[in-house]
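What follows is a single structure, written as structure tokens, with notes after it.
The values are calculated or read from the model by the stated rules, or taken from the named source; none is laboratory data. Bear in mind the structure is a predicted one, so any value in this text is a computation, not a measurement. Because the Cβ atoms are built from the backbone with ideal geometry, glycine has one as well, and the counts that use them run over all protein chains shown. With ligands, DNA and RNA removed, areas are computed over all heavy atoms of the protein, side chains included. Shrake-Rupley method; radii C 1.70, N 1.55, O 1.52, S 1.80 Å.
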Amino acid sequence: MDIPPFSMPMFHDWVPKGIRPWIYLLLAYCFQFSGGVYMGAMNDMIGGHSWMREDLTMLLYCTLAGMAVWFPVLFRMKFHFTNRFLLTTSALVIIVCNLLTMHRLPLPVMGVVCVVCGMAKIQGTFECMSSIQLWITPRRDFAVFFPVLHLVLLVAMEVSGWLAAAFAFYMHWTVMHLFVIGLMIVVLSVQTLLCRPFCPMPPERRIPLKGIDWTGGLLWIVFWLAVAWVLNYGDWLDWYHSRYIVIATAVACLALAANMIRMITYPTPYIEWRILRYRYLRPILFFVAVFELVMSVEHVLEMVYYEEVMHYTDLTYETLNQWSLVGAVGGCLFSLGWLKLMRWSQYQLIAIGMVFLCGYCIGFYFLVSPDIAYGQLIPPLICRGFGYAVLCIAFMWSLHQIMSFEHFFQALGIFNFLHMFGGGTIGAAILAKGIGYYVADGFARYGGYVNSVAFTRHPFDFGGYMDGMIEGFLAQTVKILYGWMIWVCIFFILGFLLWDSPAVRRRVKRMPAWTTVGAWTLGSFNRGQKQLRRQLKRIMR
């Protein structure tokens, strides 16, 4: 098969061809550094805005929900607007959103701003990475593209957290927002000076935006955010003893019911009912949820341990967390060799990734203590980064192999809801409940030994004694919950090793040129319009 030479016609002719893809790779990193709020500076933002930790976590979920809900329309945008328009608009939206989130606005307004920022972030990243896909792999081999894509995503995720913490520690937390605004100015400058408008589809064949089910998209984001709100604030509001949790649950149920009805009755729903008929989609989504449930220990147990037991600052935590980046890079390269060079089974790859996550949990189980050295935590963190990278790539590769192109990005919307925050919020809610139970259990078991009368015979620092006792209870609780996660990992690993029948094809799928893909998308749009006209005729009769 003849492979056409790689080109980037959106650049002016005087721009050297050798640096064009590197420029777009740099722009992809610029978009990945952006966001509505930056969790590396969480404690400083809590102090600056007088918000709770749950408030900032919910704003992060809003950003991630905006990214997840925008996946089904990414190609429609690419085949309707020019490359320059999409990147310029995304950069301008992110600039406005960062200017707004620097100020203390009402939380609902901040949530809407973060949702819009997430949409712009994923649109900019997708436009950059899809433009250089043929440079990364001329045959559109996703066994190559997915590891390289996650190399960009994971590096940007870890480094942006460290930058936010460093800016907050040495200067002010708003400096991270200004830094991102500067990156977006770089994007605008590149598009203005070096690029010209270009669309893969000719003007007469550009796909119209007519027919997109925006109401369905809005209902999906309401459902996802309502679920995230219940799981995020449930422990704080004492779950269903609070009428707010009851109301949010009712909203989630109504939104889901409306989406199900719309999927069946509407001619072109935002997410089609047919994607649920793919044989292995539901097992993949289930295992992604379990994987993210295990990974929630990073955001819950690690944070409790670092802040309440070890009393690390945000910068210390983020600096230590950079060791997971070493494992993430290794995991991306390992997955590339496994899927592309060896073409071995995805089941074994998923099991290997889970083995490393199990090693991470085992490491923390034995190391959690108020008296350990800083460097002892490095090996488990490297295991965590390696396992996380391997599992992210393996699950996305499996999803791509079982889905047709027509439904792949719709499935990615649901996949990323569970992958980005859905499974993590479930795990965080379970772990928060576990922390409350085991800390209370510790006080119930050992509270009888605390007798202030017995301590009056000689000078005694009762306050210091109680602080140490609480730290011990928290460390013991973290150890117990890590132990439960070890069992989850073991059953996960055994399930994949004992399941012999292949769930996905081992041979690499080939993707056609962008014009062919655009023609398929246009054909799908035309079929939807014909179906809509038939239904209207039936109604008129």
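Would it be correct to say that Gly111 is within 24 Å of Met420 (Cα to Cα), in contact with a Cys (Cβ under 8 Å, 6 or more places away or on another chain) and crowded, with 19+ Cβ neighbours inside 10 Å?
yes
Among (1) of a type in the set (A, V, I, L, M, F, W, C); (2) closer than 28 Å to Phe126 by Cα; (3) surrounded by fewer than 24 Cβ atoms within 10 Å (Cβ to Cβ), there is one condition Ala389 misses while meeting the rest; what is its number?
The number of the failed condition is (3).
Condition check ((1) under 20 Å from Pro72 (Cβ atoms); (2) in contact (Cβ under 8 Å) with a residue 40 or more places away in the chain) across all residues:
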| site | (1), (2) |
| --- | --- |
| Arg243 | no, no |
| Val246 | no, no |
| Ala255 | yes, no |
| Met260 | yes, no |
| Trp273 | yes, no |
| Arg279 | no, yes |
| Val294 | no, yes |
| Glu298 | no, yes |
| Asp314 | no, yes |
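Exactly one of these conditions fails for Met8: (1) closer than 30 Å to His299 by Cβ; (2) open to solvent by less than 10 Å² (accessible area, probe 1.4 Å); (3) of a type outside the set (Val, Ile, Thr); (4) assigned to a loop (DSSP other than H, G, I, E, B). Give me its number.
(1)
In region 348-371, how many residues are touching a residue at least 24 places away in the same chain (Cβ under 8 Å) and either under 16 Å from Tyr306 (Cα atoms) or open to solvent by less than 20 Å² (accessible area, probe 1.4 Å) (or both)? Give the derivation first.
Going residue by residue through region 348-371, those that are touching a residue at least 24 places away in the same chain (Cβ under 8 Å) are 348-362, 364-365, 368-370.
Narrowing further to those that are either under 16 Å from Tyr306 (Cα atoms) or open to solvent by less than 20 Å² (accessible area, probe 1.4 Å) (or both): 349-351, 353-354, 357-358, 360-361, 364-365, 368-370.
Of the residues in that region, 14 qualify.
For region 392-408, what are the residues that are surrounded by fewer than 22 Cβ atoms within 10 Å (Cβ to Cβ) and either in contact with a strand residue (DSSP E or B) (Cβ under 6 Å, 6 or more places away or on another chain) or free of Cβ contacts under 8 Å to residues at least 60 places away in the same chain (or both)?
Once the filter is applied, which keeps residues that are surrounded by fewer than 22 Cβ atoms within 10 Å (Cβ to Cβ) and either in contact with a strand residue (DSSP E or B) (Cβ under 6 Å, 6 or more places away or on another chain) or free of Cβ contacts under 8 Å to residues at least 60 places away in the same chain (or both), region 392-408 yields Ser404, Phe408.
So, in region 372-386, exactly how many residues are under 23 Å from Phe334 (Cα atoms), surrounded by fewer than 19 Cβ atoms within 10 Å (Cβ to Cβ) and touching a residue at least 40 places away in the same chain (Cβ under 8 Å)?
So the count comes out to 1.
Taking the residues in region 294-341 that are among the aromatic types (Phe, Trp, Tyr) and assigned to a helix (DSSP H, G or I) as candidates, determine which candidate is most open to solvent (accessible area, probe 1.4 Å).
Going through the qualifying residues, I end up with Trp323.
Is region 66-84 home to any residue that is touching a residue at least 24 places away in the same chain (Cβ under 8 Å), farther than 30 Å from Pro203 by Cα and in a helix (DSSP H, G or I)?
no
State all residues of region 277-293 that are crowded, with 20+ Cβ neighbours inside 10 Å and either among the aromatic types (Phe, Trp, Tyr) or in contact with a Ser or Thr (Cβ under 7 Å, 6 or more places away or on another chain) (or both); if no residue qualifies, say none.
Once the filter is applied, which keeps residues that are crowded, with 20+ Cβ neighbours inside 10 Å and either among the aromatic types (Phe, Trp, Tyr) or in contact with a Ser or Thr (Cβ under 7 Å, 6 or more places away or on another chain) (or both), region 277-293 yields Ile284, Phe287, Phe291.
Here are some conditions: (1) open to solvent by 10 Å² or more (accessible area, probe 1.4 Å); (2) closer than 29 Å to Asn232 by Cβ; (3) of a type outside the set (Ser, Thr, Tyr). Ala411 meets all but one. Which one does it not meet?
(1)
Of the numbered conditions (1) open to solvent by 30 Å² or more (accessible area, probe 1.4 Å); (2) touching a residue at least 12 places away in the same chain (Cβ under 8 Å), Gly424 fails exactly one; give the number of that condition.
Among (1) open to solvent by 30 Å² or more (accessible area, probe 1.4 Å); (2) touching a residue at least 12 places away in the same chain (Cβ under 8 Å), the lone unmet condition for Gly424 is (1).
Which residue out of Thr63, Thr82 is within 21 Å of Trp162 (Cα to Cα), β-branched (Val, Ile, Thr) and either open to solvent by less than 30 Å² (accessible area, probe 1.4 Å) or at pLDDT below 85 (or both)?
On the way: Thr82 fails: within 21 Å of Trp162 (Cα to Cα).
Result of the check over Thr63, Thr82: Thr63.
Considering only residues that are open to solvent by 50 Å² or more (accessible area, probe 1.4 Å) and either touching a Cys at 6+ places or on another chain (Cβ under 8 Å) or over 25 Å from Leu237 (Cβ atoms) (or both), which ones fall in region 13-59?
Selection gives Asp13, Trp14, Pro16, Lys17, Gly18, Ile19, Trp22, Leu26, Tyr29, Asp44.
For residues that are out of contact with any Phe, Trp or Tyr (no Cβ under 8 Å at 6 or more places or on another chain), open to solvent by 20 Å² or more (accessible area, probe 1.4 Å) and among the aliphatic types (A, V, I, L, M), scanning just region 220-249, find the one that is farthest from Asn259 (Cα to Cα).
Among those that are out of contact with any Phe, Trp or Tyr (no Cβ under 8 Å at 6 or more places or on another chain), open to solvent by 20 Å² or more (accessible area, probe 1.4 Å) and among the aliphatic types (A, V, I, L, M), it is Leu231.
Filter region 192-219 for residues that are in a helix (DSSP H, G or I), open to solvent by less than 20 Å² (accessible area, probe 1.4 Å) and either more than 16 Å from Gln410 (Cβ to Cβ) or without any contact (Cβ under 8 Å) to a residue 40 or more places away in the chain (or both) and give the result.
None; the set is empty.
Can you tell me which condition Val37 does not meet? The list is (1) in a loop (DSSP other than H, G, I, E, B); (2) within 26 Å of Thr137 (Cβ to Cβ), and all the others hold.
(2)
Among the residues of region 60-113, count how many are within 30 Å of Gly234 (Cα to Cα) and of a type in the set (A, V, I, L, M).
Residues that pass the stated criteria total 14.
For region 131-151, does any single residue satisfy the condition of being of a type in the set (Val, Ile, Thr) and either buried (at least 24 other Cβ atoms within 10 Å of the Cβ) or closer than 24 Å to Trp173 by Cβ (or both)?
Within region 131-151 (the criterion being of a type in the set (Val, Ile, Thr) and either buried (at least 24 other Cβ atoms within 10 Å of the Cβ) or closer than 24 Å to Trp173 by Cβ (or both)), the answer is no, since none of the residues qualifies.
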